[in-house]
Amino acid sequence: MPPLVSRVSSLVSPRAFALIVLLIAACVLGLAPILVRLTETGPAAAGFWRFVFALPLLTVLASREPGGIAAPSKWALLAGLFFALDLSFWHYGIVMTSVANATVLCNLTPVVVTLFGWIVLKEAPRRLFLLALVLAMGGAFAMAAGADGGQGTNPPLGDAFSLSVAVWYSGYFLAVKAARATAGAMRVTFWATLLGAPLLLIVALVLGEDIIPASAAGWAACVAMGVMHVLGQGGVAWALGKLPASITAVTILIQPVVAGLLGWWVFGETLTPIQALGGALVLGAIVMAQRSQRTKPTPDGLK
């Protein structure tokens, strides 16, 4: 562990440190929709290059974990399948609708994750967490509904693609959570990335996308996506080994806030007052979700 990181981790509780790592990772992932548009390739091809340029660094980091790059579990492989589906649909959504909408709608993941935990794992959420979830979703929808409508090549279809990503990303979340029980964060991310790369290349070829960036700037965006993937997804995978999946899913809703601000700054996409209010609701919901984990269970079973 780097000296600065080690020093920070010694000053705060393990849970607080995991939250800090998660927030930083989510902010880094907010760069993704910006970089996708700058790659000068097709949407699925952008995901392919993201994985390709991430693999060398992931190989080094995974090999330094206990056990090195051992054979993947079925959960790590399943995470790779879900993530390939996630990026395929989401990257098309980024092109077809606004950066804010694409990022917000795909982040309805907390709803799916929470319902899965509640119904399948019998993990009843606390009332304060449910309130935080409602506020977060309200803020997410406000950011989507508040867009000015003139963004992207096909906003309705792009919104639909982005919405479907919530299912794929939830599957990825839950698979990574299961894989982290027996493997380190970087090993899980390595195998998910290694499996996802050829799948995304196949999608790009079948759809006849432009595979090769047209300029040095496009290549730079592809390389940046690889670094972003290692820092962002690696951080999320690490946090999933330390925090509940439901809390992690809500916290990464800071990602659309970051993406919306970057879309306004880089591409001049309008950030309306309603979208700004939605972003504030999301940030408030994240704080509330974290506080919910420190409240005592109530007698009726809703914690």
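Before moving on, here are some points about what is shown:
- Filtered residue count, the range 65-83, keeping only those that are in contact with a Gly (Cβ under 9 Å, 6 or more places away or on another chain) and either farther than 14 Å from ALA197 by Cα or surrounded by fewer than 20 Cβ atoms within 10 Å (Cβ to Cβ) (or both): 5
- With respect to the conditions (1) at pLDDT below 80; (2) in a helix (DSSP H, G or I); (3) in contact with a Ser or Thr (Cβ under 7 Å, 6 or more places away or on another chain), GLN151 falls short on a single one, namely (2).
- Search result, residues across the range 24-58 that are of a type in the set (D, E, K, R) and open to solvent by 10 Å² or more (accessible area, probe 1.4 Å): ARG37, GLU40
- Odd one out for LEU205, checked against (1) without any contact (Cβ under 8 Å) to a residue 24 or more places away in the chain; (2) under 30 Å from VAL111 (Cβ atoms): (2)
- Matching entry among VAL188, VAL227 (being open to solvent by 10 Å² or more (accessible area, probe 1.4 Å), hydrophobic (A, V, I, L, M, F, W, C) and not in a loop (DSSP other than H, G, I, E, B)): VAL227
- Among the conditions (1) without any contact (Cβ under 8 Å) to a residue 60 or more places away in the chain; (2) part of a helix (DSSP H, G or I), the only one that ARG37 does not satisfy is (1).
The values are calculated or read from the model by the stated rules, or taken from the named source; none is laboratory data. Owing to the predicted nature of the structure, the values given are computational and were not obtained by experimental measurement. Cβ atoms come from the backbone with ideal geometry, glycine included; neighbour counts cover every protein chain shown. Heads up: the accessible areas ignore ligands, DNA and RNA and are worked out on the full protein's heavy atoms, side chains in. Shrake-Rupley method; radii C 1.70, N 1.55, O 1.52, S 1.80 Å.
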